[in-house]
């Protein structure tokens, strides 16, 4: 339903599924994803946390929780969440994402004060720097 643009129907169905299957982390995760897509980040974060309470090493929930926390500006919480993924290859990209997002945000803040157009740390035209810094 969500893929068809029927997010209200998806939320209603998943909320009912939560009532029927409260111990299924996938239900909480899927509802959180729909909420994330609607930019309801606080509600999405709560859903990811409920999924993780049921399955603490749920990699997809950790990844999405870290991303939602990053977008809310809760960078310390995001990094701590991404560190829980330390046995997963997704951890490299997750840490890169937080650092890149932080650099872009700081550069944008600086540019607003200076009137310049910033480039993210490690930026090279046509050649992204994939190393962690």
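Out of curiosity, is residue 78 crowded, with 19+ Cβ neighbours inside 10 Å, touching a helix residue (DSSP H, G or I) at 6+ places or on another chain (Cβ under 7 Å) and in contact (Cβ under 8 Å) with a residue 12 or more places away in the chain? Spelling it out, residue 78 is indeed crowded, with 19+ Cβ neighbours inside 10 Å, touching a helix residue (DSSP H, G or I) at 6+ places or on another chain (Cβ under 7 Å) and in contact (Cβ under 8 Å) with a residue 12 or more places away in the chain.
Of the residues contained in segment 10-29, none is found to be without any contact (Cβ under 8 Å) to a residue 40 or more places away in the chain, in a helix (DSSP H, G or I) and within 16 Å of residue 78 (Cβ to Cβ). Among the residues making up segment 17-52, those that are at pLDDT 85 or above and exposed (fewer than 12 other Cβ atoms within 10 Å of the Cβ) are 23, 39, 42.
Would you call residue 70 under 12 Å from the mean Cα position of the chain (by Cα) and free of Cβ contacts under 8 Å to residues at least 40 places away in the same chain?
Considered against the rule, which asks whether it is under 12 Å from the mean Cα position of the chain (by Cα) and free of Cβ contacts under 8 Å to residues at least 40 places away in the same chain, residue 70 comes out as yes.
The values are calculated or read from the model by the stated rules, or taken from the named source; none is laboratory data. None of these values were measured; they are calculated from a predicted model. When we count neighbours, we look across all protein chains shown, and the Cβ atoms used for this are built from the backbone with ideal geometry, even at glycine.
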